[in-house]
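Here is the structure we will look at, set down as C-alpha cells.
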Amino acid sequence: MESTLTTPPLPPLSGRKILVIDDDRLNLRIIGGILRGEGYALAEGDSGERALVLYEQFKPDLVLLDVMMPGIDGFETCRRLKKIYGSRCAPIIFITAKSESDDVVEGLGAGGVDYLPKPFKAKEVLARIRSHLHNQALVEQQKLLVEQLSQANAEKNKFLGMAAHDLRNPLASIRGLTEFLRDGSVGPLNADQQDLIETIHGASQSMLELVNELLDVATIEAGELKMHLDAVDLAALIGKSVGLMNMEAAKKKTVLNFAPGSTVPKLMIDSAKMRQVIDNLLSNAIKYSPPGAMITVMLSADEARGTCTFAVQDQGPGIPEGERDRLFKDFSRLSVRPTGGEKSTGLGLAICRKIVEAHHGTISAENLPTKGCEFRVVLPACA
C-alpha cells in the first residue's frame, strides 16, 4: 500500500468571483474599477433582493454588501444569505459610511466578517479583500488535506484488516500445533524441548492477540462495527468474566472480588463486545497490580440519572502525571509496566473506549487516594 499526502497549492486570487451590491451607481463604478484591475470577476446589483438572486446564479467567493439600501437592508440580506447557505456562505464585507460601534457590532452579529468605509481607498479595499480571500483559500486547502487524510486512513484500515485477517489463521495454527506437541500427542518431550514449545506458544498467543486487536481497530475505524443489542444481565456477564479471570489472577496470587452494590436492571447491550471491555479492564488490573493484590469489581445503578456503572479498582501504580491524555489512544503505552512481565499492545483501552461510546456510554480512569487506579464505565439504562 502506498499513499502520498501532498499539500495542495493555494489557488491564485485573480479570477476569484466577487458579488458587489450597492444602490449607488457611482460606488459600483469606483469599486468595480479597483477590483477589475486586479483580475477579479464581478457581478453587480443594487438591492438586497437582487443580491439573493445573484448569489445563487453567480456563486461568489466574496460579497461586498452595502448597508443602507431600499427594501431589505444589508444586515437583513446578510442574515438571509447565512440562513440559506449556512457554513457554505461566502464571506460578507459590509460597505458603509457609518463607523459607529453599534453598527459594527450589528453587522458582525448578522454574520459579516469586515467593513469597508466610504469613501473608498483603493489600497485599503484591496488589502482587506486579499486578506479574506486568502483566508478562504486556506480553508479550501485544509478541506482538501482532510479529504486526503480520510482517504489515507481508509486505505490504512483496509490494509490493517487484510494483513490481520491473513495472519490470524497461520498464527492460530502455530498455537494449535504447539499445544499438540506440548500435550505429548507425538511423544514425550525433554525439558529443553518443553521450554522451547512453551516459548513458541506464548509468542504465537501474543501475536494472535495483537492481530485480533488490529482487526478490531480496523473494523471500528472503518465504521463497520456492528452492534447486536439484546437485554443482558450485566451482573451475570461480569460474574462470568470474574470467574474466569480469577484463574489467571491466581498465578500471581491475586484475587478479584466482585461486589455488585444494588440490583441492576437488564441493559440493551452487545454482550460479546461488552464482555470484551470487561475482560480487558480485568486483565489490565491483574497485569498492573502487584502479586497478592486485591482487585475490587463493582456494579451499581443510579435510577435518578438512568445509568449503570461498572468499575474496576486495582492496586497498581496508577496513571503517571502528564500521561492521562494518552490512556485511551491507539498504540499508546504509559511509562508504567506490567508487574509480571505480561505483554501489552497499547490497543486494548482504545478499543474499549470505542465500544463503550458505541453504546452511548463513557469510560474514564482516576487514581485512587491511597494507591491504584479505578477504571469506570457508565452506561445508559437504555443504551
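A few points about this structure:
- Those residues of the stretch 251-267 which are touching a Cys at 6+ places or on another chain (Cβ under 9 Å) and closer than 15 Å to Val377 by Cα, in sequence order: Val264, Leu267
- Candidate set: the stretch 210-241, residues that are modelled with pLDDT of 75 or more and small (Gly, Ala, Ser); chosen: the one surrounded by the fewest Cβ atoms within 10 Å (Cβ to Cβ): Ala231
- Matching residues, the stretch 287-320, being farther than 20 Å from Ile355 by Cβ and either in contact with a His (Cβ under 8 Å, 6 or more places away or on another chain) or in a helix (DSSP H, G or I) (or both): Tyr288
- Evaluation of Ser185 against (1) buried (at least 16 other Cβ atoms within 10 Å of the Cβ); (2) at pLDDT below 85; (3) farther than 30 Å from Val356 by Cβ (one fails), failing number: (1)
- Matching residues, the stretch 351-383, being at positive phi and within 15 Å of the chain's Cα centre (by Cα): His360
- All conditions but one from (1) among the polar types (S, T, N, Q); (2) modelled with pLDDT of 90 or more; (3) surrounded by 13 or more Cβ atoms within 10 Å (Cβ to Cβ) apply to Ser3; the one that does not is (2).
- Some residue of the stretch 261-270 being closer than 24 Å to Glu209 by Cβ and over 24 Å from the mean Cα position of the chain (by Cα): no
- Residue check for Val105: under 23 Å from Ala51 (Cβ atoms), modelled with pLDDT under 85 and exposed (fewer than 13 other Cβ atoms within 10 Å of the Cβ): yes
- In the stretch 351-374, the residue that is modelled with the lowest pLDDT out of those that are among the hydrophobic types (A, V, I, L, M, F, W, C), touching a Phe, Trp or Tyr at 6+ places or on another chain (Cβ under 9 Å) and crowded, with 20+ Cβ neighbours inside 10 Å is Cys352.
- Some residue of the stretch 121-143 being part of a helix (DSSP H, G or I), assigned by TED's automatic domain parsing to the domain that holds Gly37 and of a type in the set (Ser, Thr, Tyr): no
- The C-beta contact set for the stretch 347-358 (first residue touching a residue at least 40 places away in the same chain (Cβ under 8 Å) and within 14 Å of Thr219 (Cβ to Cβ), second residue surrounded by fewer than 21 Cβ atoms within 10 Å (Cβ to Cβ) and aromatic (Phe, Trp, Tyr), distance under 9 angstrom, 6+ apart or interchain) comprises Leu347/Phe331; Ala350/Phe328; Ala350/Phe331; Lys354/Phe328.
- Qualifying residue in the stretch 262-283 (condition: surrounded by 17 or more Cβ atoms within 10 Å (Cβ to Cβ) and more than 24 Å from Thr309 (Cα to Cα)): no
- Among the residues of the stretch 24-54, those identified as small (Gly, Ala, Ser) and over 42 Å from the mean Cα position of the chain (by Cα) are Gly32, Gly33, Gly37, Gly45, Ser47.
- The test for being of a type in the set (Lys, Arg), in a helix (DSSP H, G or I) and touching a Gly at 6+ places or on another chain (Cβ under 8 Å) does not hold for Lys240.
- Scope the stretch 59-72; condition farther than 19 Å from Ser131 by Cα and either modelled with pLDDT of 95 or more or in a loop (DSSP other than H, G, I, E, B) (or both); matching residues: Lys59, Val67, Met68, Met69, Pro70, Gly71, Ile72
- Phe58 satisfies every condition listed in (1) surrounded by 12 or more Cβ atoms within 10 Å (Cβ to Cβ); (2) out of contact with any Lys or Arg (no Cβ under 9 Å at 6 or more places or on another chain); (3) in contact (Cβ under 8 Å) with a residue 40 or more places away in the chain except (2).
- Any hit, the stretch 159-177, residues being closer than 30 Å to Ala293 by Cβ, at pLDDT below 85 and out of contact with any Asp or Glu (no Cβ under 6 Å at 6 or more places or on another chain): yes
- Residues that are hydrophobic (A, V, I, L, M, F, W, C) and modelled with pLDDT under 90 were ranked within the stretch 251-266; the one that is farthest from Gly361 (Cα to Cα) is Ala259.
- Hits in the stretch 292-304 (condition: surrounded by 12 or more Cβ atoms within 10 Å (Cβ to Cβ) and out of contact with any Phe, Trp or Tyr (no Cβ under 6 Å at 6 or more places or on another chain)): Ala293, Met294, Ile295, Thr296, Met298, Ser300, Ala301, Asp302
The values are calculated or read from the model by the stated rules, or taken from the named source; none is laboratory data. Everything quoted here is computed from the prediction, not taken from an experiment. Here the Cβ is made from the backbone with ideal geometry for all residues, glycine too, and neighbour counts use every protein chain on show.
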